[in-house]
1. Mind listing whichever residues of segment B:240-297 are of a type in the set (D, E, K, R) and closer than 22 Å to C:Gly147 by Cβ?
2. Among the residues of segment B:202-226, which ones are more than 7 Å from every other protein chain (Cβ to nearest Cβ), among the small types (Gly, Ala, Ser) and within 14 Å of B:Pro125 (Cα to Cα)?
3. As an exercise: evaluate A:Ser10 against (1) more than 10 Å from every other protein chain (Cβ to nearest Cβ); (2) modelled with pLDDT of 95 or more and give the number of the one condition it does not meet.
4. Might you check whether a residue that is under 17 Å from the mean Cα position of the chain (by Cα) and more than 29 Å from B:Ala514 (Cβ to Cβ) occurs anywhere in segment B:396-417?
5. For the subset of segment A:51-80 comprising residues that are among the charged types (D, E, K, R) and within 8 Å of chain B (Cβ to nearest Cβ), which member is nearest to B:Ala354 (Cα to Cα)?
6. Could you list, in sequence order, all residues of segment A:178-202 that are out of contact with any Asp or Glu (no Cβ under 6 Å at 6 or more places or on another chain) and aliphatic (A, V, I, L, M)?
7. Here are B:Leu259, B:Leu318, B:Leu253, B:Leu278: which of them is under 30 Å from C:His50 (Cα atoms), surrounded by fewer than 23 Cβ atoms within 10 Å (Cβ to Cβ) and not basic (Lys, Arg)?
8. Could you give me the residue pairs with C-beta distances under 7 Å whose first residue belongs to segment C:46-57 and is within 11 Å of C:Val214 (Cα to Cα), whose second residue is among the hydrophobic types (A, V, I, L, M, F, W, C) and surrounded by fewer than 20 Cβ atoms within 10 Å (Cβ to Cβ) wherever it lies, and which are 6+ apart or on separate chains?
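The values are calculated or read from the model by the stated rules, or taken from the named source; none is laboratory data. Since the model is a prediction, treat every value here as computed from it, not as a measurement. No Cβ is skipped: glycine too gets one built from the backbone with ideal geometry, and neighbour counts run over all protein chains shown.
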Amino acid sequence: MNWSWMLPPSFSTVSGDIDGIYYVILWITGITFFITEGLLFYFIFKYRHKEGRKAAYDHGSTKMEIAWTMIPLVIVLWIGVVSKGVWDTVKVDVPPAGLEVIVSGKQFEWNVTYPGPDGALGTSDDFETLNELHAPEDEAVVITLRSEDVLHSFFLPEMRIKQDAVPGQDITVWFEAVQPGDYTIGCAELCGIGHTTMGGKLIVYTAADFQAWSSSQAQQQQP
Amino acid sequence: MSTIEQEMVHAAEGGHHDHHELPFIRKYIFSTDHKMIAKQFMFVSLFFLVIGGLLATMMRWQLGYPGEPMPGGMILPDAMMAPTPDGAIMLPEFYNSLVTMHGTIMIFFAIMPLLVGLFGNLLIPLQIGAEDMAFPRLNMISFWLAVPAGILMLASFWVEGGAAGAGWTSYAPLSASGEWTGVYLGQQLWLASLTILGFSSLVGAVNYITTVINMRAPGMTWFRMPLATWALFITAILILLAIPVLAGALIMLLFDQTLGTGFFRPEVGGEPLLWQHLFWFFGHPEVYILILPAMGIASEVLSNRARKPIFGYHSMVLAIIGIGFLGWIVWGHHMFMSGMNPLLGTSFMISTMAIAVPSAIKTFNWLATIWKGDIHLDSPMLYALAFVSMFIIGGLSGIFMASTPVDIYIHDTYFIVAHIHYVLFGGSLFAIFAGITFWFPKMFGRLMNETLNKVHFGITIVLYNLVFWPMHNLGLQGMMRRIYDFTQYEYLAPLQPMNRFISISVFLLVAAQAVYAINFFWSIFRGEKAGNNPWNSNTLEWTVPSPPPHGNFPEMPVVYRGPYEYSAPESEEDFLPQTKPPSKKPPVQDPIPQPVTPTPEGF
Amino acid sequence: MTTQAMTAGRAPMPGMKVYNLKLGMWIFLLSEVMFFTGLIGSYVILRFAHPDHFAEPGVVLNVPLTAFNTFLLICSSVTMVKAYAAIEQDDQQGLKNWLLATIVIGAGFVGVQVYEYIALAAEGFVPMADAYHAVGRHMPHDGPVVGGQLYGSTFYTMTGFHGAHVSIGVLCLCFTYWRAAKGAYSADNLGGVEIMGLYWHFVDLVWIILFTIVYLI
């Protein structure tokens, strides 16, 4: 059983930043945890009832109130500010696409549409895969995320990517994988009876391998 | 004149009601006495707490032993469990209903009515020196609305299609049409039940707010009110303003399901995100409704059992108000991944980070309260200390999900489930244990058995942490929520042993609650008899007999000081009740100016 | 009965001087504000998000009729004020008369609204209608197709719940009238009338806002 608070390995250009914020928070909350719980247990032990000793008659200290208001406030706001940068990178600043695809979730599968040899989506040479997303490494994959029925959530754990798919909306989500391999696609929003079966595979290739795969797919799925 | 007005005239004429014995039905069933209504809420809510626990037990069976026949499963209908030669295996539709109903029942029918229905009703009039609530008959209506709501909710398990299965958050469009879940009537019963319960909570809130504003005894200024009453007062305001928004949303969803309207259904132009905004605009204040009274209870018990004034009383009040106020502007942190504008994500992150501060302030003040105290480690204190300890964990884990980039990874994973349960179980439920144990003598005239409570506490605190701490790890490994069979995901299959470990801990934890239940019922009849003030407390409820008579106070109480004057130098004992008149000789050390005559006005 | 007596001899906060029933009603009305804000807010959001689902008010709705209805409701608030003023002066007959007038006008408002609903439904404008012909007063019956599901959904929910509140108000007014007939109220004991008035004026205020947003904008 894995009791570690370390995150599993991640493989995208942003995952390092996301994991970094996590570890910053882990340090801060971890230290706070040990100090506060430590004080709690220490006080329980040291000030437990003993005959003849009376409690102190102390109503408070404005100085302490100010201190333990301002210090946490500064810390959490700092965490917020640092987080914003990474958030903007992931959700706001969409890089130019190396590969554009459409991912459409429906009960209970993911349908992925690729642009085909002409490089443009929405043309007759587009092809599809079911429950698989094939992508080249080191290129920004920009996804137009859709849903055909209910809310789903497109989750690439190893890429640290998650975005709800909302019916009636086209939502942009992107990632850039840094290493070829087989990864996971998951659905992270309860979508009905088959929610548990909406797993898929993210397969990242080298650029050359992806080219090869893409061409053969396009040929196979020629109308 | 109206009966309510008659009651007021009665009260004005000396506060004595005719003490004719009420018939059984008026005394125990349709009671207008806040203390009886409090007990009614308590019994019904504890029943639902058990139901909620059983639902979780079944869920954990499936997670610990995926696809294996569940012991006892054969008695459940085929719609829930698929019969096989080896026994009954849980179906995914039933699993989704379990997830949904566990959350719904625990939040709406267990924790909320325990904190607000039990403690609000029991404590508010007694702690402010009133003879009952402002509107006793409305109070009775509040309870008797909650009962049919509960019946409807339970009944939904037996209708065709089963109970609601879209999560306690009931996101649309999944919840808006039975074609997506296979649940039709069950989902509608869920909506109807919560709408009725909403009315119950709403009229309760009107009662509590009016009572606290208008019916405080002479000398009971705002800043002499106990923190439990403050917390319940602010909670009532949150209920008053949040529940109507939920009601509107529930009604719109019900119309979508039954009338073919299109509020949340994109196929006819509706907006799924509108549901989320409405739900969470209610939902976030709701979670503060679920923790504030617990914080109030903890403050009472910690101060009393440490025989020491609450550290920073004014800050504590301001923190309660601050949490109540800030709670309205953070709802979007439940929606970071929803597809709403990322800029909104940033603004909600900032407000969410800010709301950590008042909770931190309270935690530091609790630590400072027991610092240099004279700590009596009896069972209410143990539960209250556990509240602080577990709340620290729950609160700190919240910071991870408040950070939008980290939430990308942990949203809708078991990390969130861990956070929820550390604040709701580790926090609220432990505070409820503390509160029930502490005020048990006031309710029943007898004390609970200390040894049994300590045994219960010891077993529960350990098993509880064995259940919920590893859920942080599961979430960090990427295990998502509401998932019937996570082994379908290759990367999650290694989490099987930890899930089984959690499940076994749950079975033991649920079983161990029998200790508290046995103690509870046994003590009602055979517990050691309690006097007026077994805890040597300062607040007004302890100046009257246990249990208090109808009308509470034989004479109008007069309040001379705040509620936390423990170990005050001018008192021989280590407590100084709020209503004890000040002695004639000037006190040696008097940091708080004491009024010589009680003045009702002013802060 | 003095304020002092009505709060059981406990002096309320300085400046509050408000007895329990009245304070309770104000607090309840606060919750009603949140309820209608939720409904009206949703309408506004949906209207901005999907303007094609909606139509200019006069195209579908009978604005002149509803304007008259608004006038009726305002009149009923006036009669309610007169009822309260009457009992302040211990004028029992005046109280009963003005209450009756309020009931009649209030019921009239509901009646007009019911008629409006029937007329709209007859033209095909119902909560789940996904498209319907323009059915405004001057539109030909085979006029252009306008709107979408959201219009009916929001229109009927908002106005329907308001109508329900008016109807409940009328029932409560009947109860108040019945109490008045039994001599329950006096210049010293008019709390019941006052809180009835508070509720009624609130319902009127909500309608004015609703009418403006739904029928005029």
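1. B:Asp256, B:Arg265, B:Glu267, B:Glu271
2. B:Gly204, B:Ala205
3. Going through the list (1) more than 10 Å from every other protein chain (Cβ to nearest Cβ); (2) modelled with pLDDT of 95 or more, A:Ser10 breaks only (1).
4. no
5. Filtering segment A:51-80 down to residues among the charged types (D, E, K, R) leaves A:51, A:53-54, A:58, A:63, A:65.
Imposing the further condition that a residue be within 8 Å of chain B (Cβ to nearest Cβ) reduces the set to A:53-54, A:58, A:65.
Details: A:Arg53: 40, A:Lys54: 37, A:Asp58: 28, A:Glu65: 16 Å.
Selected residue: A:Glu65.
6. Correct list: A:Val178, A:Ile185, A:Leu190, A:Met198, A:Leu202.
7. Of the residues listed, the single one that is under 30 Å from C:His50 (Cα atoms), surrounded by fewer than 23 Cβ atoms within 10 Å (Cβ to Cβ) and not basic (Lys, Arg) is B:Leu259.
8. These pairs meet every condition: C:Pro57/C:Val63; C:Pro57/C:Leu216.
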